Each structure stands twice: as C-alpha cells, then as structure tokens.
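Report on the structure given below.
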Amino acid sequence: MSEEDPEGWPGVIHREGRTLTRLSDAPNSGRSGPVSRRGGGVFLNPAMSGSRTRSVLLLDYAMDSGMLGQGTVYALDGLSASGLRARRWLNELPGDKAKRLDVTISDLDSEALAWAMRSHEEFPPKHGQGELSSSMGDLRKVVLAHGRHWVDIDPFGSPLPFLDVALQSLARSGVIEVSATDTAALTGSSRGAMLRRYGSRVRTDGLAHDSALRVMMGNLARGAARHDRCLEPLLSIWDSHHLRVSSRVMRSRDGANMVEDQLGWRVHSPTEKEVVASVESGLQPELSMDKLPMTCLLPLSFPIERRDPRISGPLWIGSLGSQEAMSSMTEEKALMLCVPDYEEGDVSGWSERDFEMERRRTLRAIRNIEGESCVIDSAHHILVDDLSSWLEIGSPPSPTLMVEELRGMGYKASLAHYGKPSFRTNASWDDIVEGAIGLQPPM
C-alpha cells in the first residue's frame, strides 16, 4: 500500500453492473433491506443496485431528451458513500454522453471518498471520458457551491433536510432524484412521524407505498414552488425497503402558482358524492355508480375530514412518471448499458453463473416499467387481492389476464412495477368489474 492509498486498501473487489470498485469488506449481497452506516468501512448497500441501474438509464434518457442542455452536465451524487452510483454514470453511459459529465461525489466520510476516488483511478471508465471529483462536507453546503443539472439524494432515513437547498441549486432545467428509507413514516405506520415530517396522513392498506410516493412527490412539488419552480415527475418506484422519486424541475413562476392543482386526497371506500366529485374533476373515468370503486382521488379543494381513516393526503394526484422517460427503460437498453459480458478469469473472480445473475438483477430492476409507461397517468392502480375482496369473488384474478381482458375491450392497461400484484389502467370502473367477474365469478 502506498502513502496515497486509504487505510485498509486494497480490500475486496466488488462488481455492480459493468462497474468495478474496491470496498473495505464484501457487502452482504443476500440482504434486501436497509443497512446502517454505523460500524466503519466503506458503505454500500447491494439492495440499492436496482436504484443505481435505473439512475444510469434515466440519465441516459435525460441527456438524449435535451432537458439537461447540450453542454457540460454538472451532476452531484450527494451522500455518495462508496461513490458507486456516480462511477456507474461515468462508466456505463456511452462515451459521447459521459464526456459531457462533470460529476462531484460528496460525503461526510473522508475515507469513503478516498476509497471511491482510488477505485476510480484503478478502474477508470472504459471509454476514458468524463470528470469525477470529491467534496467532503455537509451536503447542504456542498450542493450550493454552484448550479447543478442533476442532483441525487440518497440518505439513510428522510431526505427532507436536504431538499430545499438541493432544489435551489438546480439549473433552470434540471433533474432531482430523491430516495427515502423512512418508510414507516411515509406509509403511515408511524403516524406521528408522518405528520411531523411530511404534513400528511396515509392509510395503511395495500396502496400505502403508492400513497407514500405521492406524499413525497407532493412535498417535492411544494418545495420547488417556494423557489418559483415546478416539476414534472419522471419515475416513481417502491423497491424493497425504500421509495424513490425522480423529477425534472424547471423555473416557472406560472407553473409554481399552479402547484395546488396537482395536490389532493386519496379516499378509500368513497361515497357516491366523493366519486362524483372525482369524475367531475377529471380524476376518474365516468361510471354507472352501480358498484362504487375501491378508491378515488380528489382535488385539494374538496372538503374532507382530516381524521377520517379513509383519507390519505395531502398528496400528489397527478401522474407519477413520464411516459417518454419510462418507455426508454427497455430490456435492450439495460442489457446494452448495464450488463457486463462474461470473461473467463475476470478480475472480480465472478463465474459465468455470477454474470448471469447480474443480468437477471438488472432486468428485474426495470421489470414492467416500459409497459407501465402508457398508463402511468391513469386513474386506476388496482391490487388484485383487494379487488377480489371488494367484489366478493373467488381467488384474486391474474393481473396478467386482467391486463389482457382490458386491452381486449380497447383500453390501455399494464402490469405495475410495484411490490404487490397489481395493474394500472385507464378503463372505467364498470369495465374493470366486468373483466374481474368474467375471470373469477362471485362466490
């Protein structure tokens, strides 16, 4: 070990996607939940690998779309720990895009930054393009050093302490990606923490994680509005132990003034009056009222009783993603950018089976996202287990068969990238009921 090497170097080699790094200890690849940063060593949670894969694909789309301009893209990987996310941007994007990147990794742990930069030196981007630098210190100071086109915030816990300054730091048109692992608060299990941190309530049902994504998006939108900015959701994901929302943020006073138009409530077991209001607000397709839907969205102006246990919100009632961004996350693109090719005697020590497992993990990270893109702005997100109970039919209908049935009726429908079997559709509730009963008659 040279004098320039961090303490404990060289540690162990770890591969994620096409990118190699060195860590002080081998990560626990079998773990699927949150990992504490306590205990020393270079922090890396393998359960976040899918999040990092999607980040590569989303940055690729954003640069293609022109939303980040045509010049240098200043990006910040805040709370970067191992720096693997930023290094995957530089290594896995095509060379013509990587050369536009000027990336900063930031963390309070100087040793983690040293390991990241030393790993970058040993395993540089395959095409030799792009710039990487490090900045030790509080993210709330680092992020304001200069304007950014891309800011990633991936904390242990809630991202709220960092959002205001991160939004201020964004260029006229930029992207912010925000993760949260305080899911007990966001999904309503810890009601006090939810109210203190996010100013909302969430019903603890099967859609709690979807509601949590909407609460986070709503908080992000209100924060942007305070700085005369508006946002366009690009991707919203519940994955294992964490939630993640990614949005384009643009300077627009007019857009900021309209933020309340995108905020409202989710109501479980709505009354006929509430369903009528949802339809009249354009948040629900027209229906016969013979059988009321399980849930509906309502505008913020609708009078509700905040302590009503049926109510979740305030939360985002608009689309949770961009059709264009999500449809770009194809298997072909993921395989091309993020999946390593097997080489006998690879420096990581991986076998051919290890490479095959990485390919599967990569494809799992984007499962259903491309298909879901066409209905991400639809009113209905239906959990099939809830649907069977609501309609008092037999076993839950297959979500795949429900999608086929609704498409056969001429509607858009897709399986959802969600932790419970579910689908999204723009179908009327009447036709959803007809399709479900046709597949699983009442008991």
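Annotations for the structure displayed:
- Amide H contacts of Arg367 (H built 1.01 Å from N, in plane; Pro and chain starts excluded): no residue 5 or more places away or on another chain comes under 5 Å.
- Between Leu401, Leu220, Leu415, the residue with the greatest mean-square fluctuation in the GNM of the chain (Cα pairs under 10 Å linked by springs) is Leu401.
- Summing Lys and Arg as +1 and Asp and Glu as -1 over all other residues whose Cβ lies under 14 Å from the Cβ of Thr330 gives a net charge of -4.
- Seen from Asp386, the other residues with C-beta closer than 15 Å to its C-beta sum to a net charge of +2, counting Lys and Arg as +1 and Asp and Glu as -1.
- Other residues within the sphere of radius under 12 Å centred on the Cβ of Ser173, judged by their own Cβ, net out at +4 (K and R +1, D and E -1).
- Amide H contacts under 5 Å for Leu234, placed H, 5+ residues apart: Ser246, Ser247, Arg248, Ser322
- Whole-Å distance, taken between Cα centres, linking region 69-84 and region 97-131: 9 Å
- Anisotropy class of region 12-261 from Cα gyration tensor, a/c 1.5 cut: oblate
- The chain: most fluctuating residue of His227, His381, His120 per GNM, C-alpha cutoff 10 Å: His227
- Note on the chain: with a GNM built from Cα contacts shorter than 10 Å, the maximum mean-square fluctuation among Asp152, Asp138, Asp239 falls on Asp138.
- Selection from Ala185, Ala62, Gly83, by position along the positive dipole direction of region 12-261 (Cβ): Ala185
- FRET efficiency estimate (nearest 0.05) - Cβ-Cβ, Glu344 to Arg306, R0 56 angstrom: 0.35
- In loop segments of region 336-390 as defined by DSSP, the GluC sites (Glu not before Pro) with at most 10 further C-beta atoms inside 10 Å of their C-beta are Glu344.
- Of the beta bridges in region 12-261, as assigned by DSSP with both residues counted there, near 55 percent are antiparallel.
- Extension gain (nm, one decimal) between Lys291 and Met357, 0.36 nm per residue minus Cα-Cα: 19.2 nm
- Region 63-162 shape via C-alpha gyration tensor axes, a/c threshold 1.5: oblate
- Helix 160-169 and the long axis of the chain differ in direction by around 70°, with both axes built from C-alpha atoms.
- Helical mean residue ellipticity (222 nm; -39500 (n - 2.57) per DSSP H run of 4+; nearest 500) of the chain: -10000 deg cm²/dmol
Here, each number is a calculation from the coordinates, and none is a lab measurement. Just so you know, these numbers come straight off a predicted model, no measurement behind them. Virtual Cβ from ideal backbone geometry, glycine too; neighbours counted across all protein chains shown.
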